Amino acid sequence: MKTLVMTAAVAVGIVINVANAAPLPEAQPDDVGFSPQGLARLDDFFAREIQAKRVPGAVVAIARDGKLVHYKAYGQLDAAKGTPMPLDAVFALASMTKPMAAVAGLTLMEQGRLPLQARLSEYYPAFADMKVGVPQADGSLKMETQASPITIHDLYRHTSGLMYGGRPDSSSPLVRLYPDGIAPAIEGDTQAFIDRITRLPLAHQPATEFEYGFSIDVLGAVIEKVSEQRLGDFLAANVWKPLGMTDATFHPAEGQRDRLAHPFPKDPLTGKPQAIMLLDTPTKFDCAGACAFATVGDYLRFGQMLLNGGELDGQRVLGPKTVHHMISNHLGPEIKNNVANVEPHRSGFGFGLGVAVRTGEGLSSVPGNPGEFTWNGAFGTQFFCDPKERLVVVVGTAAPGELRKYYREQVQDIIYGAMVR
C-alpha cells in the first residue's frame, strides 16, 4: 500500500504511516468492492474532527475478503505532547476486552471444562446466596431469593442480574450500590472483586433481562479458576500469541507505554475534565470486562479470526460451529432486551456470547446486515464484523466522553457508503 500524504491532512496533523507491517494481506479498494473516493471520506471526516479539536486522533483499519483495504493513522497520539499518531498506537480497549474474554471461555467449553449451563456457584459459591433487589415505591429495595441460579451462559449474555454502577442510562436505585467498571480491578485482586460483588443485590432475576455490567468480569474470574492461570496468561497462550496479537496485554510494558493513546484533558462536549485512568494506574487483576490494551492491527486479526470461523493463518482458536454459536442471538423472547439502552444505535440487535448481534433489517441507525456482530469500548474503540459483506472494521480513538458514540455511528455510515458492490 503506497504512502499517501495529503496537504489538507498535514494541515490538521493527520499522519498516514505505513512503516508498520500490515496486519493482513493488502488489496486495492476497487479489487474488493470499495470506492477509493468513498473511503477518502474517512480522511475528510477525521480532518474536520481533528481540526475542530473534538478528538486527538484515530487509527482505522478495514478488511474485506481477508484483505486490508484501509489502514491509516490520523492526528495525534497525545495532544498534550504533540506526538503524532502511529499505526501501532496502543489503545485502552475498555469493553472490547469482553469479546476476547468470551473467546477464552469458549476454548474451555470446547475442552469440556466450562459448559454454558454450569452453575456459577460451582466455581464461586457465594453467588448462590445473592438476593434480587426489587425497587419499591418508597425508594427502598425488597430482597427476593433467586428463582433460578446464575449460569455461565448468563455471564456471556449479560443476563446474570449483575450491573455497573455510575451509569447515566440506568434509573435503577441499585446503580448507586455498584462500583464503576474498572474500580474493582484497581482496588483489589480477583477474590476481593468476587467478595465485593457478591455482597450486593442483583438487579434482576437471573436469565430474565439483559443488564450490562460485571458479568464478563466474573466470567474472567471463572476462567482463571478453571485454567489455574491468570487471565492475561491464558489469553496470551490461547488467543493473542497464536493470532500474532503482539501488543495485546493487560499490563503495558515500558516499551508500549510510549505508544499509549491519550485523550484530551477536557471533554470537548462538556469542558469537564476527562481521563482514562488505566493509562496511569495499573490494575491488580486482569478484569475481563474492561482492562485490556491492544493495537488496532491486533484487534483486526482477532476480528478476522472470528469472521473466518475461528482460524487465521493456519492457527485455529475455535471451531467454526462454536463461533457460529457465539455470534448467534442468545436473548430469547422470554428475556427483556435492553441492548439498545447501552448503545443508542443498537436497536435491532440482540446479544450473543460476548458480542452484540444484529437480528434484522432496519431499526438500527447504522447500515449493516443481519448477522453483524460487534462491540465497542467506553474509551473510544469500536469493532464490527459483517459476515454477509465479509467485512471487518476496527477503530481506535482516545475519546472517553459521549462523543465516542457519534464517531461509532459516523464511521459505520461512511464505510458502508463506500461499498459499491
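The values are calculated or read from the model by the stated rules, or taken from the named source; none is laboratory data. These figures come from a predicted structure and were not determined experimentally. Counting neighbours? That spans all protein chains shown, and the Cβs are built from the backbone with ideal geometry, glycine included.
Some points to look at:
- In segment 282-304 there is at least one residue that is more than 25 Å from F384 (Cβ to Cβ), more than 16 Å from the chain's Cα centre (by Cα) and surrounded by fewer than 20 Cβ atoms within 10 Å (Cβ to Cβ).
- Total residues in segment 352-364, condition touching a residue at least 24 places away in the same chain (Cβ under 8 Å), over 21 Å from A294 (Cα atoms) and either in contact with a Ser or Thr (Cβ under 7 Å, 6 or more places away or on another chain) or part of a strand (DSSP E or B) (or both): 2
- Test for P206: is it touching a residue at least 40 places away in the same chain (Cβ under 8 Å) and not hydrophobic (A, V, I, L, M, F, W, C): yes
- A search for C-beta distances below 7 Å between a residue of segment 268-285 that is within 21 Å of R230 (Cα to Cα) and any residue that is crowded, with 18+ Cβ neighbours inside 10 Å and among the hydroxyl-bearing types (S, T, Y), counting only pairs 6+ apart in sequence or on different chains, returns F285/T190.
- Note on segment 243-269: residues that are modelled with pLDDT under 95 and β-branched (V, I, T) total 0.
- Some residue of segment 358-367 being surrounded by 22 or more Cβ atoms within 10 Å (Cβ to Cβ) and not hydroxyl-bearing (S, T, Y): yes
- Members of segment 223-264 that are among the hydroxyl-bearing types (S, T, Y), farther than 20 Å from S95 by Cβ and under 20 Å from the mean Cα position of the chain (by Cα): T246
- Residue within segment 390-402 that is touching a residue at least 12 places away in the same chain (Cβ under 8 Å), surrounded by fewer than 23 Cβ atoms within 10 Å (Cβ to Cβ) and either basic (K, R) or touching a strand residue (DSSP E or B) at 6+ places or on another chain (Cβ under 7 Å) (or both) present: yes
- Note on segment 403-421: among residues that are surrounded by fewer than 18 Cβ atoms within 10 Å (Cβ to Cβ) and basic (K, R), the one that is farthest from L300 (Cα to Cα) is R421.
- Residue check: Q410 meets all listed conditions (1) over 26 Å from H153 (Cβ atoms); (2) in contact with a helix residue (DSSP H, G or I) (Cβ under 6 Å, 6 or more places away or on another chain); (3) of a type in the set (S, T, N, Q) but one, namely (2).
- Residues satisfying the stated conditions in segment 67-110, i.e. touching a helix residue (DSSP H, G or I) at 6+ places or on another chain (Cβ under 9 Å) and free of Cβ contacts under 8 Å to residues at least 40 places away in the same chain: none
- Qualifying residue in segment 226-236 (condition: crowded, with 21+ Cβ neighbours inside 10 Å, touching a residue at least 40 places away in the same chain (Cβ under 8 Å) and farther than 18 Å from T107 by Cβ): no
- The listed residues are G220, G165, G181, G213, and the only one of them that is surrounded by fewer than 22 Cβ atoms within 10 Å (Cβ to Cβ) and either touching a residue at least 24 places away in the same chain (Cβ under 8 Å) or part of a loop (DSSP other than H, G, I, E, B) (or both) turns out to be G165.
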